[in-house]
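Below: one structure, written as structure tokens.
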Amino acid sequence: MGTRRDGPALLEIVVPARNEADRLPAGLALLCDKLAGLPLRAEVVVVDNASTDGTAGIVRSWDGPVPVRLVRCERRGKGAAVRAGLLETRAPYVGFMDADMATDLAALDEAIVLLREGRPVVVGSRRHGRSVVQGYALPVRRLGAITFNRIVRDLVGGIQDTQCGFKFFDGPLGRAAAEELRTTGFSFDVELLAHCVRRGASVTAIPVVWRDRPGSTFSVRRHSVQCLLDLARIRARAGFRVPGTPIIPVVPIRTMLAEPKLPEPRPAPVTVPEQAVSTEALPGRASTSSAKSG
């Protein structure tokens with residue numbers, strides 16, 4: 001079933017873009033083709049994050065199967081761009097993805113199903129047991145990501161991968177969390193998820209197929225110190241440790257519909273009146289009358 005072009009969008013996806021003129025056309029083409037085949041109306045919001053190349057022009061002239069609109073964000077930083085984009089949305093379901101589409105778009109199908117079932121936050125996780133990760137850059141970057149996620153796990157509901165650029169939210173929740181977002185750098189995902197968890201939202205991690213793309217602007221050498229400083233500020237603003245979000249088990253439908261098994265009734269204890277017990281029948285005990293006659 002294709003996406004209808006009339007009526008309000010049910011899903012809006014934010015794509016932050018800073019100097020993405022080279023990668024954006026291919027990424028938009030993939031995303032729009034996928035959204036056109038979904039059973040709900042979707043739109044794309046590209047946030048031009050103070051680009052100095054032709055990023056804005058590409059979006060303005062884009063002609064595809066789903067609507068794509070441009071939002072300008074002069075404050076530099078991916079977190080600032082995602083915040084600006086989410087606050088421009090109005091749909092019941094919202095999310096954001098990286099311009100390089102490193103996360104395979106097949107994960108959108110499961111994310112949408114879970115959102116419609118009532119899951120408030122759905123994120124892609126490269127550390128999920130069923131994920132496929134191809135070409136994860138340098139080993140030092142992978143080790144840094146694992147260490148980073150261990151540090152912040154208590155803030156984000158226990159999920160193992162906070163930095164995968166594939167996150168979706170219940171619309172009102174996502175906008176409320178974005179409103180409070182203050183981190184503009186690469187650690188913004190942590191603060192965004194922490195705001196959701198603080199509101200009692202569970203975070204559902206799903207498996208993804210993820211392929212490393214050339215051209216990433218993140219550098220372990222240049223950005224690690226700033227990320228640690230951002231984490232310190234996020235914790236200070238939170239002011240408390242967020243409890244881990246309980247794991248949501250997947251229960252088979254037949255189990256959900258089965259009649260509950262009640263415990264076997266235990267037999268009630270039998271109470272015998274004291275006067276009905278003959279003392280003569282008790283071993284090792286003589287009757288009162290016999291004792292007197294002796």
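The values are calculated or read from the model by the stated rules, or taken from the named source; none is laboratory data. All values derive from a computational prediction rather than experimental measurement. Cβ placement follows ideal geometry from the backbone for every residue including glycine, while neighbour counts extend to all protein chains displayed. Just the protein is used for accessible areas: all its heavy atoms, side chains included, with ligands, DNA and RNA removed. Shrake-Rupley method; radii C 1.70, N 1.55, O 1.52, S 1.80 Å.
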- Output the qualifying pairs, or none if there are none: Cβ atoms under 7 angstrom, residues six or more apart or on different chains, first residue in region 194-210 and touching a residue at least 12 places away in the same chain (Cβ under 8 Å) and under 11 Å from ARG126 (Cβ atoms), second residue open to solvent by 20 Å² or more (accessible area, probe 1.4 Å) and among the basic types (Lys, Arg). PRO207/ARG130; VAL208/ARG126; TRP210/ARG126
- Candidate set: region 108-128, residues that are crowded, with 19+ Cβ neighbours inside 10 Å and among the basic types (Lys, Arg); chosen: the one nearest to the chain's Cα centre (by Cα): ARG119
- Which one of VAL94, VAL123, VAL197, VAL133 is among the aliphatic types (A, V, I, L, M), at pLDDT below 95, more than 23 Å from VAL225 (Cα to Cα) and not in a helix (DSSP H, G or I)? VAL133
- Item | Residue selected from region 168-194 under the condition of a type in the set (Asp, Glu) and either open to solvent by less than 10 Å² (accessible area, probe 1.4 Å) or assigned to a strand (DSSP E or B) (or both), by the criterion modelled with the highest pLDDT | ASP170
- Item | Hits in region 57-82 (condition: polar (S, T, N, Q) and modelled with pLDDT under 95) | none
- Which condition number does ARG75 fail, the rest of (1) open to solvent by 50 Å² or more (accessible area, probe 1.4 Å); (2) closer than 22 Å to CYS164 by Cα; (3) assigned to a loop (DSSP other than H, G, I, E, B) being met? (2)
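Please state which one of LEU11, LEU38, LEU31, LEU87 is more than 26 Å from GLU191 (Cβ to Cβ) and in contact (Cβ under 8 Å) with a residue 40 or more places away in the chain.
LEU38
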- Item | Flag for GLY165 being at positive phi and at pLDDT below 95 | no
- Message: Can you pull out every residue in region 38-52 that is part of a loop (DSSP other than H, G, I, E, B) and surrounded by 15 or more Cβ atoms within 10 Å (Cβ to Cβ)?
- Response: LEU38, LEU40, ARG41, ALA50, SER51
